[in-house]
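Colleague: My questions all concern the structure below.
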Amino acid sequence: MHIAALSMNLSQMKVAQQASISVMKMVMDAGQAQMNDMVQMVQENTKMMEQSVTPNLGKNLDISL
């Protein structure tokens, strides 16, 4: 095999690998953002469920002297 062809193939493989890594990083970032959104949604739903079970909890304060 010629040195020039070998060098060209190696260069193409390097570019393909870099592109794959870039796409993988983008997918990982998107997955992390989705996970953060999901955690926030679960926390909000938990808070809403707590308030629906005891809607008057913490609304009034009775003090007697």
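The numbers here are math on the coordinates, done by the rules we state, and not lab data. Bear in mind the structure is a predicted one, so any value in this text is a computation, not a measurement. FYI the Cβ positions are ideal-geometry reconstructions off the backbone, even for glycines, and counts take in every protein chain you see.
Colleague: Sort Ile3, Ile21, Ile63 so the one with the fewest other Cβ atoms within 10 Å of its own Cβ comes first.
Modeller: Fewest to most other Cβ atoms nearby, the residues stand as Ile63, Ile3, Ile21.
Colleague: Under 25 Å between alpha carbons, and skipping anything fewer than 8 positions from Lys59 in its own chain: which lysines qualify?
Modeller: Partners within reach: Lys47.
Colleague: Going by a ≥ b ≥ c, the root eigenvalues of the Cα gyration tensor, does the chain fall in the rounded group (a/c under 1.5), the prolate group (a/b larger than b/c) or the oblate group?
Modeller: Here the chain falls in the prolate category.
Colleague: Among the lysines, select those whose C-alpha is under 23 Å from the C-alpha of Lys14, and discard any that sit fewer than 8 residues away in the same chain.
Modeller: Within reach: Lys25.
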